[in-house]
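Take a look at the structure set out below.
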Amino acid sequence: MKIRDPQRADETRWRELWAGYNAFYETELPEEVTAFTWQRLNERGSHMFTRLAELDGKVIGFANAVVHDCTWTMSPVCYLEDLFVDPTVRGTGAGRALIEDLIAICKASGWARLYWHTREGNVTARRLYDQVTAVDDFVHYNVNIV
């Protein structure tokens, strides 16, 4: 298992995985949002970035993250916004490797925290997440503006 930064040639595969991720969450995004997301994930100086999991030379998963300031710390924090592994290769350790990679990046960068959320019923992902860290008691709210 190799975890790495994306290359331009990875866009097609990332888009395939991104489509699978969005299908899992029963959502459809306009093409311009997907294109803009890919651009920001790869733009130098962006607060967003992605890491790719590669197995036997094929990209099998991604972790999209956002780094931002925080009112509770003096150091930035990292929000793992999207994590997805191709369903045909789940169980290979790719999800865990992507999370551990982000933890290492956070430590090396001096960021205060890595955090994420998922749906309560996402039991497959939660089995992994519960092994990495304890769930907290915060409740997530969303107000969609656009």
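Do any GluC sites (Glu not before Pro) in the range 39-141 lie in a loop, going by DSSP, with at most 15 other beta-carbon atoms within 10 Å of their beta carbon, and if so which?
Glu43, Glu120
Run the numbers for Phe36 and Thr71: contour at 0.36 nm per residue of separation, minus the present Cα-Cα distance, in nm.
Length gained between Phe36 and Thr71: 9.8 nm.
What's the FRET efficiency of His140 with Glu16 using the Cβ-Cβ distance as r and R₀ = 30 Å, to the nearest 0.05?
Efficiency at R0 = 30 Å is approximately 0.60.
From the helices alone, meaning DSSP H stretches of at least four residues, give me the mean residue ellipticity at 222 nm for the chain, per-run term -39500 (n - 2.57), in deg cm²/dmol to the nearest 500.
Taking each H run of at least 4 residues, the total per residue is -11500 deg cm²/dmol.
In debye, nearest 20: dipole of the range 64-117 around its Cα centre with unit charges on the Cβ of K, R (+) and D, E (-)?
For this selection, approximately 180 debye.
Of all chymotrypsin sites (Phe, Trp or Tyr not before Pro) in the range 1-100, which ones are in loop regions per DSSP and have a Cβ with at most 16 other Cβ atoms within 10 Å?
For chymotrypsin sites (Phe, Trp or Tyr not before Pro) across the range 1-100 that sit outside H, G, I, E and B with at most 16 neighbouring Cβ atoms in 10 Å, the list reads Tyr25, Trp72.
Taking the alpha-carbon centroid of each part, what is the distance from the range 1-52 to the range 64-123 in angstrom?
Rounded to whole Å, the Cα centres lie 15 Å apart.
Across the range 1-122, what fraction of all alpha-carbon pairs, as a whole percent, falls in each successive 10 Å bin from zero upward?
12, 45, 35, 8, 0
Using +1 on the beta carbon of Lys and Arg, -1 on that of Asp and Glu, and nothing else charged, what's the dipole of the range 1-143 about the Cα centre, debye to 20?
440 debye
Read-outs throughout are calculated quantities, based only on the coordinates presented, and are distinct from any laboratory measurement. Model, not experiment: these values are computed from the prediction. Counting neighbours? That spans all protein chains shown, and the Cβs are built from the backbone with ideal geometry, glycine included.
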